[in-house]
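Working notes for the structure below.
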Amino acid sequence: MADPTPAPHPDLLALRTQIDRVDRELLGLLNQRAQFALHVGELKKKEGSVAFRPEREAQVIDGLKQVNPGPLANDSVAPIWREIMSACRALETPTRVAYLGPSGTFSELAVLGFFGSSIVKVPCANFDEVFHAVSAGSADFGVVPVENSTEGVVTRSLDLFLTTPLFIIGETSLFVRHNLLRRENALENLTAVCAHPQALAQCHGWLSNHLPNVERRPVASNAEGARLAQQDASIAAIASERAASEFGLHIVAPAIQDDAHNRTRFTVLAHPHQHPQPKASGHDCTSLIVSVANKPGAVHDMLVPLKRHGVSMTRFESRPARSGQWEYYFYVDLQGHPDEPHVAAALSELREVCAFFKVLGTYPIDVH
């Protein structure tokens, strides 16, 4: 009986041999890089500086993308090198990162995308616990969502920035693809769809068209919804493909978000006593919380220093001050770093006209 598997073509065998050779060369170079990273770690310990510098990693990735000759796509450079830097960083010290858990949430995907997989994950039940973990020192960093391209700001995250000492040292954005998950691969006989309130809102149109009579039940996270769906066949969840794999669920309906380009922006948190403000990377964002006196023209006066010094504002959100006086806090993102003279001048003048002024952080703009 003839062998059903034909012998590989000689050219294919030759290419595989070359790939194996290159892989071994890559492994040798990666170990050489890791050895340099260990030496860097020893020097950092002697001078008392931190192991993780987001601006340095952003500059490395940006520099590699600028000299990348292809055919490797530039979009592939960042995730590859983040994993390399994550593995090298882990040789210096384990990095503990808090996020909204359990395993399978989009927050976890954002953590892995920013820090790489060579970390100690610290899943939390809600955003308050993420902030508390970093404030108390049980986690080195935290990652929380702050805004979504469909539903706008994540209000609880913004409120916690106001009441805690934590500041922002980085950001990352994530394409959010919501899937309907269930033990049974069918839409019939459902009693409830469980998900985080933001996910339910982002899938409002699909749910109204396909499951108009099914309860929409808010839970602490999408992964928690997936856990409930795993336990009860009458419940479906809205969550990621990772959650489907984690909890052994069918993807009954893929990509049910109303906006095909749905993205969520996450910020990376640290305690100012444990981590310094990132230095200028050349592509930076400065985030503020400010308030002004409740009088005519006050908001206009707040914007004048930015215009005078040529500082671009990329985000402007308001939140009630809860004083009962119809007063508001404004959350502002500016392009640039305080080390740049025009940004420093604008911030100095802005501080003078504000009743409340807090720098939430200056950090590299997300490197895709």
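The values are calculated or read from the model by the stated rules, or taken from the named source; none is laboratory data. Since we're looking at a predicted model, the values are computed, not measured. Don't worry about glycine lacking a Cβ; one is built from the backbone with ideal geometry, like all the others, and counts go over all protein chains shown. With ligands, DNA and RNA removed, areas are computed over all heavy atoms of the protein, side chains included. Shrake-Rupley method; radii C 1.70, N 1.55, O 1.52, S 1.80 Å.
At-a-glance table
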{"read-out": "Whichever residue in the range 312-333 is open to solvent by 60 Å² or more (accessible area, probe 1.4 Å) and outside any strand (DSSP E or B) and, among such residues, is modelled with the highest pLDDT", "value": "Glu327"}
{"read-out": "Scope the range 174-213; condition open to solvent by 30 Å² or more (accessible area, probe 1.4 Å) and outside any loop (DSSP other than H, G, I, E, B); matching residues", "value": "Leu174, Phe175, Pro197, Gln198, Ala201, His204, Trp206, Ser208, Asn209, His210"}
{"read-out": "Members of the range 345-368 found to be within 30 Å of Leu174 (Cβ to Cβ), out of contact with any Cys (no Cβ under 8 Å at 6 or more places or on another chain) and outside any strand (DSSP E or B), listed by number", "value": "Leu347, Asp366, Val367, His368"}
{"read-out": "The range 334-343, residues that are part of a strand (DSSP E or B) and open to solvent by 70 Å² or more (accessible area, probe 1.4 Å)", "value": "Gln335"}
{"read-out": "Boolean, Ala87 is touching a Cys at 6+ places or on another chain (Cβ under 8 Å), at negative phi, touching a residue at least 24 places away in the same chain (Cβ under 8 Å) and surrounded by fewer than 19 Cβ atoms within 10 Å (Cβ to Cβ)", "value": "no"}
{"read-out": "Single condition Asn209 does not satisfy, out of (1) more than 21 Å from the chain's Cα centre (by Cα); (2) in contact (Cβ under 8 Å) with a residue 12 or more places away in the chain", "value": "(2)"}
{"read-out": "Some residue of the range 344-352 being touching a strand residue (DSSP E or B) at 6+ places or on another chain (Cβ under 6 Å) and surrounded by 17 or more Cβ atoms within 10 Å (Cβ to Cβ)", "value": "no"}
{"read-out": "Candidates Leu306, Leu288, filtered to the one that is more than 25 Å from the chain's Cα centre (by Cα) and surrounded by 14 or more Cβ atoms within 10 Å (Cβ to Cβ)", "value": "Leu306"}
{"read-out": "Selection within the range 90-121 - in contact with a Leu (Cβ under 6 Å, 6 or more places away or on another chain), surrounded by fewer than 24 Cβ atoms within 10 Å (Cβ to Cβ) and polar (S, T, N, Q)", "value": "none"}
{"read-out": "Filtered residues of the range 49-77 (kept if part of a loop (DSSP other than H, G, I, E, B) and surrounded by fewer than 17 Cβ atoms within 10 Å (Cβ to Cβ))", "value": "Ser49, Val50, Asn68, Pro69, Gly70, Pro71, Leu72, Ala73"}
{"read-out": "Residues of the range 93-119 satisfying the condition of being of a type in the set (A, V, I, L, M) and either closer than 24 Å to Val77 by Cβ or assigned to a loop (DSSP other than H, G, I, E, B) (or both)", "value": "Val97, Leu109, Ala110, Val111, Leu112, Ile119"}
{"read-out": "Check on Val193, touching a strand residue (DSSP E or B) at 6+ places or on another chain (Cβ under 8 Å) and at pLDDT below 95", "value": "no"}
{"read-out": "Candidates Pro102, Pro94, filtered to the one that is within 30 Å of Val219 (Cβ to Cβ) and either among the hydroxyl-bearing types (Ser, Thr, Tyr) or at pLDDT below 90 (or both)", "value": "Pro102"}
{"read-out": "Among the candidates Val97, Val77, Val67, residue that is of a type in the set (Val, Ile, Thr) and closer than 30 Å to Phe131 by Cα", "value": "Val97"}
